[in-house]
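Notes follow the structure.
The values are calculated or read from the model by the stated rules, or taken from the named source; none is laboratory data. It should be emphasised that the depicted structure is a prediction, and the values quoted were computed from it without experimental measurement. With ideal geometry, Cβ positions are generated from the backbone for all residues, glycine too; neighbour counts draw on all protein chains shown. Areas reflect the complete protein model, heavy atoms only, side chains present, ligands, DNA and RNA absent. Shrake-Rupley method; radii C 1.70, N 1.55, O 1.52, S 1.80 Å.
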Amino acid sequence: MGTVLEMKKNLVRIGFLAAALTLAACGNDDRGDIGVQQFGVAAKAALQAQRAARSGPPPEPSRAELAAFKQPILEVSAPTGTLLLVPLSRRDGAVIWSTATKQTVMLREDQIRATRGFGTADLMEATGPGAAQISAASKGYARSYTVLDGADQVVRRRLTCNATAAGSERIVIKGLAYDTRVIRENCEGDGFRVENQYWFDGPSSIRQSRQYAGDVIGYVTLRRIID
């Protein structure tokens, strides 16, 4: 329950976005000062928006506002809220994306490999195929998910998956349209079932996805907003 409440506290707003992007701006010697200035402007705008709309939530940042930070931005949405993340580091071909509050999601080829900072909801580890194998609608490949049960014991689920082409779809992310190929993935094992979905905008490039992120969080939708 604490994890769900924490996600609600981190609903995306301009002020939260500015704080998150400061992680990247402060770590870049070439544009750190500019990033801090942008942070101040965005934070001030967020405060003004909140004061002007106390009866409702402030508006979400536009694509232009996001692009102004000149950093890749990933959106992660769950039923309990939405987070914006920026790349924090790279490790063995994977990218670790982070919020301002150090909640992180590790992606390898746009697929979730682990989460940290969500408490007992964390996905400890996930393994699976490369994006090209999914894109090719392969059959009979393996996935595994390692989670903690209610007693903090490690549980590893091994699944067999089949990917199926599901046609094409034009999706719109923050006002920009992408022509994509849709791949649905069904995984089963030991009475457990996972259904993921991927929107490819290149041979092995996933623009949007709906992926399993553990028993507590459930499924999340990932969108690459700014590359």
Residues located in the range 138-155, provided they are of a type in the set (D, E, K, R), modelled with pLDDT under 95 and surrounded by 10 or more Cβ atoms within 10 Å (Cβ to Cβ): D149
Qualifying residue in the range 51-63 (condition: of a type in the set (D, E), out of contact with any strand residue (DSSP E or B) (no Cβ under 7 Å at 6 or more places or on another chain) and at pLDDT below 90): yes
Test: residue in the range 80-100 that is in a loop (DSSP other than H, G, I, E, B), modelled with pLDDT of 95 or more, within 25 Å of I173 (Cβ to Cβ) and in contact with a strand residue (DSSP E or B) (Cβ under 6 Å, 6 or more places away or on another chain): no
Residues of the range 118-130 that turn out to be under 17 Å from A94 (Cα atoms) and either touching a Pro at 6+ places or on another chain (Cβ under 8 Å) or open to solvent by less than 20 Å² (accessible area, probe 1.4 Å) (or both), as a count: 3
Among (1) of a type outside the set (A, V, I, L, M); (2) surrounded by 13 or more Cβ atoms within 10 Å (Cβ to Cβ); (3) assigned to a strand (DSSP E or B) - the single one Q133 does not satisfy: (3)
The range 173-224, residues that are within 21 Å of G81 (Cβ to Cβ) and surrounded by fewer than 21 Cβ atoms within 10 Å (Cβ to Cβ): I173, K174, Q197, R210, D215, V216, I217, G218, Y219, T221, R223, R224
Restricting the range 156-172 to residues that are closer than 18 Å to G214 by Cβ and among the hydrophobic types (A, V, I, L, M, F, W, C), the residue that is surrounded by the most Cβ atoms within 10 Å (Cβ to Cβ): C161
Out of R90, R113, R63, sole residue that is open to solvent by 30 Å² or more (accessible area, probe 1.4 Å), in contact (Cβ under 8 Å) with a residue 12 or more places away in the chain and not hydrophobic (A, V, I, L, M, F, W, C): R63
